[in-house]
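Q: Here it is: the structure, laid out below.
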Amino acid sequence: MSLRSLWGHFGDLETLFAVTGAELMRRQVDAYEPIDPSLPLEERIDAYCRQRAEMLEYIAPFARSSETRVPFSRELQRNRVRYLDRARYEIRALFSDQFEGVDGTVRTHIENLLGVSTTWPTWVSLRDVLRLPVPEAVEVMKRSVSALLAEASGAGRQQAVARVAQEKAAVAPHRRAQQSRPVPAMTPREQVVVPA
C-alpha cells in the first residue's frame with residue numbers, strides 16, 4: 001500500500017492506530033481458544049501461558065513498531081489498556097476458583113499484577129531485554145502466574161480464617177453472658193413431681 005493510499009483512508013495517525021488496534025484485538029479474540037477451567041491448576045497455567053506467548057509473539061512486530069509512539073498517542077495508550085483488560089478478563093474466567101474469598105482490593109491488585117505479567121510490556125522485557133528464547137520466557141511467565149495465584153489462594157484462606165475468628169469473637173460475649181446468668185431457684189409450686 002502506498003503512502004498516498006494510506007493517508008487517503010486514514011486522516012491522521014490516531015485514526016490509523018485505532019483501526020490497527022481494533023483489528024489486532026479482533027484477530028486475538030478470533031484466535032482465542034477457551035481453556036477448560038476444570039483442568040488441574042498446573043495444566044491451566046501451562047495452557048494459558050503458552051497461549052499468551054503465542055499471541056504476544058504474533059503482535060510483536062506491531063507492538064515494537066508502536067513502542068516509541070506510545071507516550072505521545074492516546075490511541076496507542078487506549079489499545080494497551082484494552083489488551084490489559086482482555087488479559088484480566090481471561091484470568092478471571094480461567095482462575096476464578098483461586099480468588100474465592102479474596103477481599104476486593106487484594107483481588108484487584110493480584111489481577112492487575114497477573115495482567116501486567118502476561119502482556120506486552122513484560123513479554124518485551126523477557127524477549128528483547130533479557131533475550132530469552134520463547135520457551136524460557138514462557139517458563140518465567142508460568143512462575144510469575146503460579147506465584148501470584150498462590151498468593152491469591154493464600155489470601156483467600158487467610159481471610160476466611162479471619163472471618164471465622166471474627167464471627168466466633170462476636171458470638172463469644174453473648175455465650176459468656178448466657179452461661180454466667182444464675183439459674184433461678186424453683187419455688188415448691190413450680191416443682192414437678194414425676195410419679196415413680
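The values are calculated or read from the model by the stated rules, or taken from the named source; none is laboratory data. What you are looking at is a predicted structure, and each value in this text was computed from that prediction instead of being measured. Backbone-built Cβ (ideal geometry, glycine too); neighbour counts: all protein chains shown. Ligands, DNA and RNA are stripped out before the accessible areas are found, and what is left, the full protein with its side chains, is counted by its heavy atoms. Shrake-Rupley method; radii C 1.70, N 1.55, O 1.52, S 1.80 Å.
Q: Which pairs have Cβ atoms under 6 Å, sit 6 or more apart or on different chains, and link a residue in the range 43-65 that is farther than 19 Å from residue 80 by Cα to one that is polar (S, T, N, Q)?
A: The qualifying pairs are 45/146.
Yes/no matrix, rows are residues, columns are (1) closer than 20 Å to residue 143 by Cα; (2) buried (at least 19 other Cβ atoms within 10 Å of the Cβ); (3) under 8 Å from the mean Cα position of the chain (by Cα):
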position	(1), (2), (3)
67	no, no, no
70	no, no, no
79	no, yes, no
93	yes, no, no
100	no, no, no
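So that you can scan it fast, the table gives a plain yes or no per residue for (1) assigned to a helix (DSSP H, G or I); (2) at pLDDT below 95; (3) β-branched (Val, Ile, Thr):
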residue	(1), (2), (3)
87	yes, yes, no
93	yes, yes, no
107	yes, yes, no
127	yes, no, no
132	no, no, no
138	yes, no, yes
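Q: When residue 36 is evaluated against the numbered criteria (1) assigned to a helix (DSSP H, G or I); (2) at pLDDT 90 or above; (3) charged (D, E, K, R), which criterion, by number, is the only one it fails?
A: That leaves (1) as the condition not met.
Q: Let me spell it out: the conditions are (1) over 22 Å from residue 15 (Cβ atoms); (2) in a loop (DSSP other than H, G, I, E, B), and residue 68 meets all of them except one. Which number is the exception?
A: Of (1) over 22 Å from residue 15 (Cβ atoms); (2) in a loop (DSSP other than H, G, I, E, B), only one is false for residue 68: (1).
Q: Between 163, 143, 157, which is out of contact with any His (no Cβ under 6 Å at 6 or more places or on another chain), modelled with pLDDT of 95 or more, of a type in the set (D, E, K, R) and assigned to a helix (DSSP H, G or I)?
A: Answer to the check: 143.
Q: Right, another one. When you check residue 88 against the structure, is it in contact (Cβ under 8 Å) with a residue 12 or more places away in the chain and either farther than 18 Å from residue 152 by Cβ or aromatic (Phe, Trp, Tyr) (or both), yes or no?
A: Judged against the criteria, residue 88 is not a match.
Q: Show the residue pairs meeting these rules: Cβ distance below 8 Å; 6+ apart or different chains; first residue within the range 92-113 and in contact (Cβ under 8 Å) with a residue 40 or more places away in the chain and among the polar types (S, T, N, Q); second residue assigned to a loop (DSSP other than H, G, I, E, B) and open to solvent by 70 Å² or more (accessible area, probe 1.4 Å).
A: Matching pairs, first to second residue: 96/37.
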